[in-house]
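Engineer: One structure follows; several queries about it will come next.
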Amino acid sequence: RSRMIRGLLFDLDGVIVDTAKYHFVAWQRMAAELGIHFSHEENEQLKGISRVESLERILGWGGIALSTEEKQRWMDQKNAWYLECIAQMGPEEILPGVSEFLAEARTQGLSIALGSASKNAVPILERIGLLDAFDAIVDGTVVTASKPNPEVFLEGARRLGLSPEECCVFEDAEAGVEAALAGNMYCIAVGKPDHLGAAHRVIQSFLDIPDPVETLLALETD
């Protein structure tokens, strides 16, 4: 059926910038201090889930039980290490084609929001010079439910003054694709089709879709 897309909702990590590598460095450092094996394979399983859930999974893999206070201390420590990493970020970290796509979407009159679990979305967008590209920012400081719960995207649509059906979500994580679909939004996944096949469309990068309106018109006739 046809839908008129008026708003675009973007995940941050893995869609606009690749901060996953910095999360990996910080989680690996924490795991090492706790004596837990943590490789890229484990890190893949943390994509799109919250900090507290990530910690629980890592502790589970290591068979380690911690008090609530200790868990909070480790989460704070992990975040401090992560912030050290992202403090070095600049515009060169924006993924290929993203800046041009956002600028073109703005020119063509589409509304743009960020929908990310990250609590550090604003400082990251400031560092890479894209804060002004967004009409609304919904992040981990605003919403509590983790993807695949659609709360972050539904709140983004609400702040843009649009219905979920009028929005297209760009995601790189399976949980994020599930969240978009649960929110009754169109979803374009960025990455490899093997994990992201549930999305309406999968692209390798934004270089695949230079013109936002042409892309969205194609959706409406699908």
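Engineer: Between region 25-76 and region 111-176, what's the alpha-carbon centroid distance in Å?
Structural biologist: 24 Å
Engineer: Name the helices (complete DSSP H segments) of the chain with a Cα length along the long axis of 24 Å or more and a Kyte-Doolittle mean of at least -1.0, or state none. Let's see the in-between values first.
Structural biologist: On the way: long enough: 68-86 (27 Å, -1.37).
Helices meeting the criterion: none.
Engineer: If packing is taken as the mean number of other Cβ atoms within 10 Å per residue, what is the order of 132-141, 181-190, highest first?
Structural biologist: Values: 132-141: 18.1, 181-190: 22.6.
So the peptides 132-141, 181-190, ranked by packing, come out 181-190, 132-141.
Engineer: Go ahead and estimate [θ] at 222 nm for the chain from helices alone: -39,500 (n - 2.57) per DSSP H run with n ≥ 4, summed, over the residue count, rounded to 500. Could you put the intermediate results ahead of the total?
Structural biologist: On the way: 10 runs with 102 residues, N = 222.
Only helices count here, giving -13500 deg cm²/dmol.
Engineer: Related question: Normalised by the residues of region 50-180, what does the relative contact order come to in percent, with Cα pairs under 8 Å and at least six apart? The partial results should precede the final answer.
Structural biologist: Working: 118 pairs, mean separation 26.1, N = 131.
This gives 20 percent for region 50-180.
Engineer: Out of 12, 130, 114, any idea which swings most in a Gaussian network model of the chain, alpha carbons joined below 10 Å?
Structural biologist: In this elastic network of the chain, the residue with the biggest mean-square fluctuation among 12, 130, 114 is 130.
Engineer: With every protein chain present, what is the per residue accessible area of the chain (1.4 Å probe, Å²)? Numbers along the way, then the final one.
Structural biologist: Numbers: 10240 Å² over 222 residues.
Averaged over the residues of the chain, the accessible area is 46 Å².
Engineer: For the chain, what is the relative contact order in percent, using Cα pairs closer than 8 Å and at least 6 residues apart in sequence?
Structural biologist: Working: 365 pairs, mean separation 61.4, N = 222.
Once normalised by length, the contact order is 28 percent.
Engineer: Where the only charges are on Cβ atoms (+1 Lys, Arg; -1 Asp, Glu), what is the dipole of the chain about its Cα centre, to the nearest 20 debye? Don't skip to the answer; put the middle values down first.
Structural biologist: Working: 19 positive and 35 negative charges, 82 e Å.
About 400 debye.
Engineer: Grab the beta carbon distance between residue 67 and residue 37, set R0 = 22 Å, and tell me the FRET efficiency rounded to 0.05. Don't skip to the end; give the middle numbers.
Structural biologist: On the way: r = 23 Å, r/R0 = 1.04.
Efficiency, rounded to the nearest 0.05: 0.45.
Engineer: Which aspartates and glutamates have a Cα lying under 17 Å from the Cα of residue 71, excluding residues fewer than 8 positions away in the same chain?
Structural biologist: 33, 53, 56
Engineer: How compact is region 57-117 by the rule of thumb for globular proteins, expressed as Cα Rg over 2.2 N^0.38 Å? All intermediate terms of the calculation are to be shown ahead of the outcome.
Structural biologist: Working: Rg = 18.7 Å, N = 61, 2.2 N^0.38 = 10.5 Å.
Rg over 2.2 N^0.38 Å, computed on Cα atoms: 1.78.
Engineer: Still on this structure, I have one more. Taking the structure as given and computing mean projected area of the Cα convex hull in nm², which label from [x] 13.0; [y] 16.3; [z] 11.6 fits?
Structural biologist: [z]
Engineer: Ok, one more. If I compute solvent accessible area with a 1.4 Å probe over the protein chains, what percent of it on region 1-112 is carbon and sulfur? Don't jump to the answer; show the numbers that get you there.
Structural biologist: On the way: 2770 of 5580 Å².
It is 50 percent, rounded to a whole number.
Engineer: So, by mean Cβ neighbours within 10 angstrom, what's the order for 26-35, 68-77 with the highest one leading? Show your work: numbers first, answer last.
Structural biologist: Numbers: 26-35: 16.1, 68-77: 12.6.
Peptide ranking by packing, descending: 26-35, 68-77.
Engineer: Using a Cα-Cα cut-off of under 17 Å, which lysines could be cross-linked to residue 78, ignoring same-chain neighbours fewer than 8 residues away?
Structural biologist: 21, 47, 119
The values are calculated or read from the model by the stated rules, or taken from the named source; none is laboratory data. The structure presented is a predicted model; accordingly, all values stated were derived computationally and were not measured. FYI the Cβ positions are ideal-geometry reconstructions off the backbone, even for glycines, and counts take in every protein chain you see. SASA here: full protein model, heavy atoms, side chains in, ligands and nucleic acids out. Shrake-Rupley method; radii C 1.70, N 1.55, O 1.52, S 1.80 Å.
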